[in-house]
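Asker: Just dropping this structure here.
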Amino acid sequence: MGSSSGLNRCGATVIAVVMMVFNAGPAVAESAVDTEARNAAAGFAITTSLTLLEALGQQCGTYEGEIGQQARAALQGWQQRNHRYLEPSLQRVLMLTDAVTAAGGEAEGKAFADARKAEFTGAARKALLEMFPDGGVTQAVCARIAAATEEGAYDYRQHAEFFATLQALEHGSKAK
């Protein structure tokens, strides 16, 4: 992992590049506050997806019988309800990576992409540790996670701090 000054430099470059990209065209400019909010919401969406894919798909979904079926069904239902917000979030990260690459070259673009991957997978790992206390992937824990997912506990709309921004990203992606 790089130094924090390198990461801060990369973060400052990203904000500068995003501001240039959004201010360059006839489209409405994106303020620094909007940029930060959209980046945070996209990161949240991607991290939540990674977390549930691992928890319900790779861990709980491998159980045979009712628990495995419940986990897979819960994941599929979550994906159907939330995909429309996840896709523009993924597109945003790709757009940012392209912008960093265009401004700083292939090496900086790769460093940015690698840092985002580490950020998202690290946050997902932390969430998984909370979901599976002591690393225990048990049928009872899987049933609890699947039930919470089916009830919408992990749906993006349950997170007011990000949901309006995710909706804006979705609407923005439809306009293109």
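The values are calculated or read from the model by the stated rules, or taken from the named source; none is laboratory data. Computed from a predicted model, the values in this text were never measured in an experiment. All accessible areas refer to the heavy atoms of the entire protein, side chains included, with ligands and DNA or RNA removed. Shrake-Rupley method; radii C 1.70, N 1.55, O 1.52, S 1.80 Å.
Asker: In whole percent, and with a 1.4 Å probe on the protein chains, what portion of the accessible area of region 85-176 is carbon and sulfur? It would help to have the intermediate numbers written out before the result.
Answerer: On the way: 2950 of 5140 Å².
Whole-percent figure for carbon plus sulfur exposure: 57.
Asker: Give me Rg over Rh for region 62-176, both radii from the alpha carbons and Rh done the Kirkwood way, two decimal places. List each step's numbers first, then the result.
Answerer: On the way: Rg = 17.3 Å, Rh = 16.4 Å.
Reported Rg/Rh, Kirkwood definition of Rh: 1.06.
Asker: What accessible area per residue, rounded to a whole number of Å², is obtained for region 36-169 using a probe radius of 1.4 Å?
Answerer: On the way: 6910 Å² over 134 residues.
Using a 1.4 Å probe on heavy atoms only, each residue of region 36-169 averages 52 Å².
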